[in-house]
Amino acid sequence: MSPTPRRRSDDASASPDLPHSGGSRCPPRGRAGALTGQALIDAIRLERRREFVFEGQRWFDLSRWDLLNDAIIAKTEELQDVYPGETDVHGVPSNLWPIPQSELDINPNLTQNPGY
């Protein structure tokens, strides 16, 4: 089994990618095999959040699923409620790293990522 759930077009082949969805090693947490569509995707996302809680994978998962900006905005709004004036509500300007200048110098067809 792959360590990263793959998003496939058919639910039957995506379901085995859900960690703890069956097998002899771990008992199932829920009825993952009965989930389809968006409910299956949500279950996979929740399971990854629980499974990798202290391993620094959350940022990359949110970025890959195009949810990073919404998550940052929600968190900064929450912080505004708890600690007014501590931070402004903001999103993520970009989830891309800058392309090194040496690479830009070598290849004139490259353009720098936005925000750099």
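Quick note: the coordinates plus some simple rules give every number you see, no bench work behind them. Every value quoted in this text rests on a predicted model; they were computed, and no experiment measured them. Ideal geometry is used to build each Cβ from the backbone, glycine not excepted, and the neighbour counts take in all protein chains shown.
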Residue-count net charge about Val89 - beta-carbon cut-off 10 Å; Lys, Arg +1, Asp, Glu -1: -2
Contact order normalised by residue count of the range 66-116, Cα under 8 Å, 6+ apart, percent: 29 percent
Loop-located chymotrypsin sites (Phe, Trp or Tyr not before Pro) in the range 43-76 whose Cβ has at most 16 other Cβ within 10 Å (DSSP): Phe52, Phe54, Trp65
Coil-residue GluC sites (Glu not before Pro) of the range 29-103, DSSP, other Cβ within 10 Å capped at 13: Glu55, Glu86
